[in-house]
Amino acid sequence: MTEDVRRVFRMDNEVLAFRFTATVSDRASREPRERLTDTARLKMWLGATGLDVTDVSPTDLIDAVELREAIYRIGSAIAAGEQPKSKDVRTLNTIAAAGHAKAALEHERAGWHLTETTPVSDALGVLATDAIRILGGPDRGRIKSCEGPGCAGLFLDTSRGANRRWCSMNTCGNKVKKSRITAS
């Protein structure tokens, strides 16, 4: 595949699990845009995040989409001050427990070693574990949904005043500012 990963996916979210949920964009619009359209795209996204796998099966893609949507639903519920559905929490915990990736420090960078037998399950386990860390950690109250038109992407508000409104100033924030200028 010769596609540029940054043209296909939004890679600007600081939280790995929320970057994964951003593989669907414009969630609040009439036509959300699915970016994990095939196994090659999942392999590309995993590789871009340091979770390199040699092959992705159609079943792996189904599992990845199931995980992504569970993370998104849990994060959206938390952002709205609601209780996540127990089915989504079970999915998240099950996928996290199935992974066997090992954290490693190589060339002064943190990374992951995936097993040879179940590399995609291991990679999904890393994503699920990252989601558990953020969804159940001390910053849980800073999880928000983007207020950008049609976006609804998840992000962690690390601003001093906890008043950030957009998943990214470079995308959604700029769209809102441009629309205000043209409306004036």
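The values are calculated or read from the model by the stated rules, or taken from the named source; none is laboratory data. Keep in mind that this is a model prediction, so the values were computed, not measured. A quick note on method: Cβ atoms are made from the backbone with ideal geometry, for glycine too, and the neighbour counts reach across all protein chains shown. In case anyone asks, the SASA skips ligands and DNA or RNA and just uses the protein heavy atoms, side chains included. Shrake-Rupley method; radii C 1.70, N 1.55, O 1.52, S 1.80 Å.
Heavy-atom accessible area per residue, the chain, 1.4 Å probe: how many Å²?
58 Å²
Check which residues have an amide H placed less than 5 Å from TRP112's amide H, if you skip close sequence neighbours.
ALA104
Let me check against my output: what whole-number percent is the relative contact order of the chain, with C-alpha pairs under 8 Å and at least 6 apart?
23 percent
Taking θ as phi - 60°, what are the ³J(HN,Hα) couplings along the range 15-22 by the Karplus curve (6.51, -1.76, 1.60), each to the nearest whole Hz, with x for Gly and Pro?
9, 3, 4, 6, 5, 5, 5, 6
Under 8 Å for C-alpha pairs, at least 6 residues apart: give me the relative contact order for the range 10-50, rounded to a whole percent.
22 percent
Report, in debye and to the nearest 20, how large the dipole of the chain comes out about its Cα centre when Lys and Arg carry +1 and Asp and Glu carry -1 on their Cβ.
The calculation lands at about 1080 debye.
Pulled fully out, how much extra length does the chain show between ASP52 and ALA162, if you take 0.36 nm times their separation in residues and subtract their Cα-Cα distance?
36.1 nm
Inverting the mean 1/r over all pairs of different Cα atoms, compute the Kirkwood radius of the range 26-184 and quote it in Å.
Over the range 26-184, the inverse of the mean reciprocal pair distance is 17.2 Å.
Which whole DSSP H helices in the chain pass both tests: a Cα extent of 20 Å or more along the axis and a mean Kyte-Doolittle value no lower than 1.0?
Length and hydropathy pass: 119-135.
Provide the descending list of Cα extents for the range 56-137 along its principal axes, expressed in whole angstroms.
For the range 56-137, the Cα extents along the three principal axes come out at 41, 32, 15 Å.
Which value, to two decimals, describes the C-alpha radius of gyration of the range 1-118 once divided by 2.2 N^0.38 Å?
1.11
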